[in-house]
1. How much area per residue is accessible in the range 105-152 when the probe is 1.4 Å and only protein heavy atoms are counted (Å²)?
2. Between Ile94 and Lys143, what is the FRET efficiency for a Förster distance of 30 Å, r being their Cβ-Cβ separation, to the nearest 0.05?
3. Tally the DSSP beta bridges in the chain and give the antiparallel ones as a percent, rounded to 5.
4. Could you point to the residue in Ile40, Asn52, Leu113 farthest towards the positive end of the range 27-153's charge dipole, with +1 and -1 charges on the Cβ of Lys/Arg and Asp/Glu respectively?
5. What does the highest-first list of 63-73, 102-112 look like by mean Cβ count within 10 Å?
6. Can you give the extra length, in nm with one decimal, that the chain gains between Ile29 and Ile9 once fully stretched, where that is 0.36 nm per residue apart less the Cα-Cα distance?
7. Take a quick pass over the chain and tell me how many lysine pairs come in under 30 angstrom between Cα atoms, counting only ones 8 or more apart or on separate chains.
8. For the chain, take the alpha-carbon Rg, divide it by the Kirkwood Rh, and send me Rg/Rh.
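The values are calculated or read from the model by the stated rules, or taken from the named source; none is laboratory data. Quick caveat, the model's predicted, so the values are computed rather than measured. Don't worry about glycine lacking a Cβ; one is built from the backbone with ideal geometry, like all the others, and counts go over all protein chains shown. Areas reflect the complete protein model, heavy atoms only, side chains present, ligands, DNA and RNA absent. Shrake-Rupley method; radii C 1.70, N 1.55, O 1.52, S 1.80 Å.
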Amino acid sequence: MKKISNIKIVAALLLVFVSAVRCSHSYPIDEDGLLITTRISCYVSNFDLLSNDFVSVVTSTQVIPATPTTPAVPSTRNIVIDTVAQTITVQVAIGTDLKNLWPQFTLATDCKLNPKITGKTDFSDLANPRTWTVISGNRKVRKDYTVTVTVQQ
């Protein structure tokens, strides 16, 4: 009886040891618990600013209807992302509460953003744009993106 109990204990300890060794070296993670990969590219592919009710406050151009001689021009959002200059310029509507906006970044695969967005962001100081750093999947490449907000005239 005691021999069977000891075998069960040894088997359980061996199982725990094997699973711990197997999981510990396969996938490196960073301080945020995110997977570190070999990807070196890092950029912002999309951006938006949301109000308290999670609706975009970014202005759009007007739709230009088609004529017999020209095709229609769809409306476009007033956001310019320059991945070379590492700038984002966004225009919001008059009356937007610039102190309570939620920036929404879409990043290249495996990238992360610093500082993290944990809540509303104050963009009311239009003379001083906000800056975020995009960090690559291998955590070695860092690019500072400056977000400039303008208000529609």
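1. On the way: 2530 Å² over 48 residues.
I get 53 Å² per residue for the range 105-152.
2. Numbers: r = 32 Å, r/R0 = 1.06.
Computed FRET efficiency for Ile94 and Lys143 comes out at 0.40.
3. Details: 25 of 31 bridges.
Percentage antiparallel, nearest 5: 80.
4. Positive-most Cα among the choices belongs to Ile40.
5. Numbers: 63-73: 8.7, 102-112: 16.6.
My ranking of the peptides, most packed first, is 102-112, 63-73.
6. Numbers: separation 20, 0.36 × 20 = 7.20 nm, distance 3.15 nm.
Result for the pair: 4.0 nm of gain on full extension.
7. Eligible lysine pairs with Cα atoms under 30 Å apart amount to 11.
8. Values: Rg = 24.7 Å, Rh = 19.3 Å.
We get a ratio of 1.28 for the chain.
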